[in-house]
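*Asks:* Please find one structure pasted underneath; my questions will follow.
The values are calculated or read from the model by the stated rules, or taken from the named source; none is laboratory data. Remember, it's a predicted structure, so these values are computed and weren't measured experimentally. Note: ideal-geometry Cβ built from the backbone for every residue, glycine included; neighbour counts use all protein chains shown.
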Amino acid sequence: MSVHAIMPPLPARRPRRPIPGFGLSLGYSIVYLSFVVLLPLIALAMSAARLDFDGWMRVLTDDRVIAALRLSFGSALAAAIVNSVFGPICAYALVRFRFPGRRMLDALVDVPFALPTAVAGIALASLYAPSGPMGKAILEVFGVQVGYTSLGVTLALIFVGLPFTVRTLQPVLRDLEGDMEQAAALLGADRSRVWRRVIVPSVAPALVTAFTLSFARGAGEYGSVIFIAGNFPRLSEIAPLLIIIRLEESNYAGASAIAMVMLLVSLCSLVVINLFQALMRERLGHE
Amino acid sequence: MKLELENVTRRFGPRSVVDHVSLEIASGQLVGILGPSGSGKTTLLRLIAGLESAYEGRVLFDGLDVSELPLRSRGVGLVFQQYALFRHMRVFENIAFGLRARSGKERLSGIEIRRRVSELIHLVQLEGLEDRFPRQLSGGQKQRVALARALAVEPRLLLLDEPFGALDAMVRRDLRRWLRSLHERTGRTTIFVTHDQEEALELADRVIVMNAGRVEQDADPDRIYDDPASSFVFEFIGEASRLPVQIRDGLVWFRDRLLTSPRVEAPDGPAVLHLRPEHVRWTEGEGSIDVSVIAGRRIGPHRRLGLEIPGGWGRLEMDTDAATPMRIGDQFRVEITGGRVYAPSKSRPLQ
Amino acid sequence: MSEDRPSSACLQAHARRYAGAGDGPVLRLLLILITWLFLSIAVLLPLCVVFVEAFARGSDVFLSALVSRETLQALSLTLTVTALVVPANMIFGLSAAWALTKFEFPGKPVLLSLIDLPFAVSPVIAGYVLVLVFGSSGWLGPVLSELGVKVLFSTPGIVLATIFVTFPMVARPLIALMEDQGREEEETALSLGAGGLRTFLTVTLPNVRWALFYGGLLCAARSFGEFGAVSVVSGHIRGLTNTMPLHVEALYNDNRVAAAFAVASLLASFSLFTLILKFVLERKLPDDVREAERVR
């Protein structure tokens, strides 16, 4: 009524959002993220920035640090490679074939995600320690010690990374079933050609993703590794443990430097897979 | 309710999706906004609803500016293409939602809500389905629940986005007639968006054809079909063929033949003649054009022939009696009995 | 021409031979055997060891380990932390999903990658960065200790560390599902006269309840078992700041192996139980959301 008549004309308008709660939800999310993630990570960057060039060189040329980083990343790489061989086999068998125990094995794949890392850690340690049943057997038969060596670390990381490969590949293989493969078979390709031209190229992108995820996760893993590692400096001491040791020595600069290196490597690997996936999407889209 | 749009503009980045649109829709009209995808028709509907806000211009309901009025106070009934039924609520609760949302002295008693919902269920002929969940309904039933839900709050304006887009042809036709009769009974101002010209022409009192964010033509269905305002509308509505012609002294020349029937709005020079199948007729007489048959398909009672003018001069379509024997490769002559040449500003060039 | 093409029955037989059952019996058997062996050694064996070792010294040792004062205190701390972390992450998840899926705004990808970030950070680093902020020489540590608030080596620190590693588990499925469901139901509710809160409570929340439970379950499971991040900030004070996993570590390092496995078997049972629940809840989620989340 008259209320509208006396309202002044409005100048250039701010866009109105039809659904309410934008400011509240975004504001709360940003505050929460800032306190939980952003602020602490900025603190890490600032702490690492306090080191000058010489300081960085001192930390990074320390052979104990080099050994720890090499162990963490090297074992993560080895474990990711092993999982990239056995993961696809498991995924393929679980998707394709019907056999006794299939459902149980399929459920088991999720166990490493769900089991607390410390629980997995002590279980693996008591199995593969030189005095443990598996450790003793392997030592006697092959003459190789698993527990308290880099081999033990790799073993623990295989356990941790396994679900990444299997669970990433399963949906891809399931989609492949039927359509693409049938099409290829109908066109007269024989089995090995179907494998080379259809199965492998479709699975490869997912495999690269899974490989990177399990590598990044493995490099930072702590709980399932420390019990089986034995933690001998320069031999079986992982990088996350060295961060804790530096912290206990109140050597913040040293701890931050190692943390920064680890963080950058995992972030880079994630950026690489994101770029890779974008590239694959684009290629598939244009075909 | 009377709806007015004054110079309404919506930009996404540098692109104007709705570009200075002005409209006036009288109370009780049933209006179809018609256009191809990307023409801005859905954005225009969302601007009227208050789901988008205009960058420039005003939206007025009964003369009052509602640009600053939030969605919940506008009193518009919305029906989306995918219906957007509340998936965890039964049909009854879906329809009652708006009634339950009222507060203060507008609050209704449970009995009153039950009565109103039953009326609506009767209106949309869904008796017996009150306790179904949306996932247990067919497309047409979902559509009617969505309509009943929107009508429950007695909206000043009913807005439908591609109301029949997700339905199959039979249901679509029935629902179209039913919606028409529903509108005649309720008399509520209704605007719907569609990309289907047949749907717009059959259902609406008035059709607004949009292209590239602008209104190309705003008229009743007869005018839209018989007197398209631009080459875009001509081609978007119904069948159209195009021939390259020359305009000399306001007359249309196709090669060395003078065509007297088409309406001409273009200045002298090369131009494009737009024709519908009914503008082409079999003849033996003067000023006629040689053609040969290259295709034929059955359209209702007619047979529509694809014709080619020998020498690569262009293609035409015409309708003949389905009983007429006709084979591909047959040659005969046709004359032009209508068509239109648009001014270059309202015309799309021949590629 | 047409005689050269195989008949449709022949085509189908051809397809059957090459699709599903296309691998020869030897290859089949080999692949199944490898799968059995690999998963048994890598997963089943360690899982069984937990329960075998737990009862290795008899059920008396098992029971006394479970009802010891320290175990009960660790259990109560773990439950407290979980009870704080899960609702906090649920509220954050709903809030972030609402902001990210109901509106368009610049910087969306940045916010999304910030939510993904904890997956890329070692839990030890997650704990360490909290020490940098809340430690005695950190940014907020001195101020807070003036106020009498102790974060490190006490429950708030453990809660914060757990939140850091678990919040994406609730937020991600919610974002995926709400993106999937779109905005039209909310827009309709508002056009029918409902307010924002009513729309959220009666339309949005019921639509995402399973995803919310699902995320909450994953978050609870991880909160129960989180070790690395908590280990850095807890200070390992027995009977006070030891959570269940830290208690397992302490017992194991004390060479009380049977007791350690007894507590570990309790944790393992809990995680097996959450796996079953997860399996049930996954059926309530749309396929695409489920596939996206299984890998995390």
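*Asks:* Looking only at region C:127-170, how many residues end up being of a type in the set (Gly, Ala, Ser), surrounded by 24 or more Cβ atoms within 10 Å (Cβ to Cβ) and either more than 15 Å from residue A:247 (Cα to Cα) or facing chain A (nearest Cβ under 8 Å) (or both)?
*Replies:* Total satisfying the criteria: 2.
Residues are listed down the side, and each one gets a yes or a no for (1) touching a residue at least 24 places away in the same chain (Cβ under 8 Å); (2) assigned to a helix (DSSP H, G or I); (3) surrounded by 19 or more Cβ atoms within 10 Å (Cβ to Cβ):
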| site | (1), (2), (3) |
| --- | --- |
| A:27 | no, yes, no |
| A:39 | no, yes, no |
| A:47 | yes, yes, yes |
| A:65 | yes, yes, yes |
| A:70 | no, yes, no |
| A:74 | yes, yes, no |
| A:82 | yes, yes, yes |
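*Asks:* Could I ask something else about it? Residues that are without any contact (Cβ under 8 Å) to a residue 12 or more places away in the chain: list the helices (runs of 4 or more DSSP H) wholly contained in region C:101-218 that include at least 3 such residues.
*Replies:* C:108-116, C:123-134, C:141-146, C:184-191, C:196-199
*Asks:* Taking the stated definitions as given, is residue B:229 in the same structural domain as residue B:197 (by TED's automatic domain parsing), in contact (Cβ under 8 Å) with a residue 40 or more places away in the chain and surrounded by 15 or more Cβ atoms within 10 Å (Cβ to Cβ)?
*Replies:* Yes; evaluated as a whole, the condition is true for this residue.
*Asks:* Please indicate, with yes or no, whether at least one residue in region B:101-114 is under 22 Å from residue B:190 (Cα atoms) and either touching a residue at least 24 places away in the same chain (Cβ under 8 Å) or touching a Gly at 6+ places or on another chain (Cβ under 7 Å) (or both).
*Replies:* no
Residues checked against (1) within 10 Å of chain A (Cβ to nearest Cβ); (2) in contact (Cβ under 8 Å) with a residue 60 or more places away in the chain; (3) over 18 Å from residue C:188 (Cα atoms); (4) of a type in the set (Val, Ile, Thr):
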{"site": "B:8", "(1), (2), (3), (4)": "no, no, yes, yes"}
{"site": "B:12", "(1), (2), (3), (4)": "no, no, yes, no"}
{"site": "B:27", "(1), (2), (3), (4)": "no, yes, yes, no"}
{"site": "B:35", "(1), (2), (3), (4)": "no, yes, yes, no"}
{"site": "B:39", "(1), (2), (3), (4)": "no, yes, yes, no"}
{"site": "B:61", "(1), (2), (3), (4)": "no, yes, yes, no"}
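*Asks:* Turning to a different aspect of this structure: Mind checking whether some residue in region A:113-135 is over 20 Å from residue C:268 (Cβ atoms), more than 11 Å from chain C (Cβ to nearest Cβ) and in a helix (DSSP H, G or I)?
*Replies:* yes
*Asks:* Here is a list of conditions, (1) facing chain C (nearest Cβ under 9 Å); (2) among the polar types (S, T, N, Q); (3) out of contact with any helix residue (DSSP H, G or I) (no Cβ under 6 Å at 6 or more places or on another chain), and residue A:47 meets all of them except one; can you say which number that is?
*Replies:* Single failed check for residue A:47: (3).
*Asks:* Right, here's the next one. Only one residue in B:87, B:58 is basic (Lys, Arg), in contact with a strand residue (DSSP E or B) (Cβ under 6 Å, 6 or more places away or on another chain) and not in a helix (DSSP H, G or I). Which one?
*Replies:* Of B:87, B:58, the one residue that is basic (Lys, Arg), in contact with a strand residue (DSSP E or B) (Cβ under 6 Å, 6 or more places away or on another chain) and not in a helix (DSSP H, G or I) is B:58.
*Asks:* Report yes if residue B:247 is surrounded by 20 or more Cβ atoms within 10 Å (Cβ to Cβ), under 25 Å from residue B:316 (Cα atoms) and out of contact with any Lys or Arg (no Cβ under 6 Å at 6 or more places or on another chain), otherwise no.
*Replies:* no
*Asks:* Name the residue that is farthest from the chain's Cα centre (by Cα), counting only residues in region B:319-351 that are closer than 15 Å to residue B:297 by Cα and either small (Gly, Ala, Ser) or outside the structural domain of residue B:280 (by TED's automatic domain parsing) (or both).
*Replies:* B:329
*Asks:* Let me ask something else about it. Which of the following residues is surrounded by 24 or more Cβ atoms within 10 Å (Cβ to Cβ), under 14 Å from the mean Cα position of the chain (by Cα) and at pLDDT 85 or above: A:212, A:165?
*Replies:* Checking each option against the conditions leaves just A:165.
*Asks:* Follow-up question, since we're still on this one. With the checklist (1) in contact with a Leu (Cβ under 9 Å, 6 or more places away or on another chain); (2) charged (D, E, K, R); (3) closer than 21 Å to residue C:35 by Cα in hand, flag the one item residue A:98 doesn't pass.
*Replies:* All conditions are met except number (1).
*Asks:* Now for a different question. Right, residue B:296: loosely packed, with under 14 Cβ neighbours inside 10 Å and outside any helix (DSSP H, G or I) or not?
*Replies:* It is false that residue B:296 is loosely packed, with under 14 Cβ neighbours inside 10 Å and outside any helix (DSSP H, G or I).
*Asks:* Would you say residue B:58 is surrounded by fewer than 22 Cβ atoms within 10 Å (Cβ to Cβ), basic (Lys, Arg) and under 30 Å from residue B:174 (Cα atoms)?
*Replies:* Judged against the criteria, residue B:58 is not a match.
*Asks:* Identify, from the list C:221, C:264, the residue that is within 9 Å of chain A (Cβ to nearest Cβ) and modelled with pLDDT of 95 or more.
*Replies:* Criteria check complete, one pass: C:264.
*Asks:* Among B:72, B:102, which is the only one that is at the interface with chain C (Cβ under 9 Å from one of its Cβ atoms), part of a loop (DSSP other than H, G, I, E, B) and among the basic types (Lys, Arg)?
*Replies:* Only one candidate qualifies: B:102.
*Asks:* Check region B:94-110 and report whether any residue there is surrounded by 15 or more Cβ atoms within 10 Å (Cβ to Cβ), at pLDDT below 95, closer than 24 Å to residue C:208 by Cβ and among the basic types (Lys, Arg).
*Replies:* Yes, that holds for at least one residue.
*Asks:* Let me ask something additional. Considering only residues that are under 30 Å from residue C:265 (Cβ atoms) and either of a type in the set (D, E, K, R) or exposed (fewer than 15 other Cβ atoms within 10 Å of the Cβ) (or both), which ones fall in region C:80-121?
*Replies:* C:80, C:83, C:87
*Asks:* When you scan region C:187-218, how many residues do you find that are among the charged types (D, E, K, R) and more than 9 Å from chain A (Cβ to nearest Cβ)?
*Replies:* Qualifying residue count for the region: 2.
*Asks:* Which residue out of B:199, B:286, B:239 is acidic (Asp, Glu), within 27 Å of the chain's Cα centre (by Cα), at pLDDT below 90 and not in a strand (DSSP E or B)?
*Replies:* The match here is B:239.
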